[in-house]
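One structure is given below, encoded as structure tokens.
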Amino acid sequence: MHKIFVSDYDGTVTGKDFFSLLAERYLPANTPDYFARYGEGRISHFEAMAAYFAFAPADEQQLEALLTAGQPDPDLGASAALLRRAGWELWVVSAGSSWYVERVLSRAGVAATVYSNPGRLENGRGLVLEAPDPSSPYHSASEGVDKSAVVRQALRIADSVAFAGDGPLDLQPALLVRPRLRFARGFLAEALRTRGEGFQPFSRWSEIARELA
Ligand SMILES: [Mg+2]
């Protein structure tokens with residue numbers, strides 16, 4: 001049986017979003033609230049992320065410290081191995097950047113397919129997000145990666161698909177999977193509750209791995 005677990009990264013695998021850590025630690029006081037601007041529909045999610053990521057420190061050590069401050073689940077590696085043994089393929093979807101997602105996953109020895117926005121570090125320009133590739137089947141002009149399209153693809157090829165997330169962009173993809181395999185916390189949990197949609201609450205990513213395994 002083919003089983004795929006599609007997981008959001010920021011706030012789901014980690015305790016804190018990369019962009020909010022940047023906002024807390026590296027943004028000058030007079031910087032506009034890009035996330036609020038996105039919320040008001042004035043800029044796209046991709047533009048908001050790109051604006052925050054421009055403040056990422058170019059110094060490797062400072063960046064590593066930032067990735068650790070995101071508090072990835074301490075049992076990430078063991079949990080991913082548990083999922084793998086139980087036959088679950090892991091796909092990680094993120095409207096942030098594969099630059100840091102892949103770094104943290106590989107540091108924990110996690111093998112996963114990552115669907116996210118490529119980025120590169122440039123001196124003086126921070127983490128530069130690359131424009132979404134319009135020829136990708138998962139392309140979204142506003143978010144870079146269309147998480148729902150990724151989940152729909154998983155549903156086409158697998159017998160069982162689970163999804164986990166925490167943010168506004170996770171609502172639509174979460175609704176595509178069965179409530180028993182729909183894991184949520186934070187904003188997403190609240191949004192599902194409001195709609196009367198069933199889900200499994202979680203407080204740490206490793207709980208989901210145990211549940212699925
Ligand atoms: Mg998230």
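Roughly how big is region 19-67's charge dipole about its Cα centre, with Cβ charges of +1 (Lys, Arg) and -1 (Asp, Glu), in debye to the nearest 20? Let's see the in-between values first.
On the way: 3 positive and 7 negative charges, 42 e Å.
Result for region 19-67 is approximately 200 debye, rounded to the nearest 20.
Helix-only mean residue ellipticity at 222 nm, the chain, DSSP H runs n ≥ 4 weighted -39,500 (n - 2.57), per residue, nearest 500. What is it?
Working: 10 runs with 87 residues, N = 213.
So the helix-based figure for the chain works out to -11500 deg cm²/dmol.
What order, most packed first, do the peptides 113-120, 40-47, 98-105 have when packing is the mean number of other Cβ atoms within 10 Å of each residue?
Working: 113-120: 18.8, 40-47: 14.8, 98-105: 20.4.
Output ranking for 113-120, 40-47, 98-105: 98-105, 113-120, 40-47.
Could you work out the relative contact order of region 19-67? I mean the mean sequence separation of Cα pairs under 8 Å and 6+ apart, divided by the number of residues, in percent. Can you show the working numbers first?
Details: 27 pairs, mean separation 21.3, N = 49.
Relative contact order, region 19-67: 44 percent.
Compute the relative contact order of the chain as a whole-number percentage, counting only Cα pairs closer than 8 Å that sit 6 or more residues apart in sequence.
Values: 377 pairs, mean separation 54.6, N = 213.
Relative contact order of the chain: 26 percent.
If you take every DSSP beta bridge fully contained in the chain, what fraction is antiparallel? Give it as a percent rounded to 5.
Rounded to the nearest five, the antiparallel share is 25 percent.
Taking the 0 to 90 degree range and rounding to the nearest ten, how far is the long axis of helix 98-107 tilted relative to the main principal axis of the chain, both from C-alpha atoms?
60 degrees
Every number in this text was worked out from the coordinates using simple rules, so none of it is lab data. Keep in mind the model is a prediction, meaning the values are calculated, not measured. When we count neighbours, we look across all protein chains shown, and the Cβ atoms used for this are built from the backbone with ideal geometry, even at glycine.
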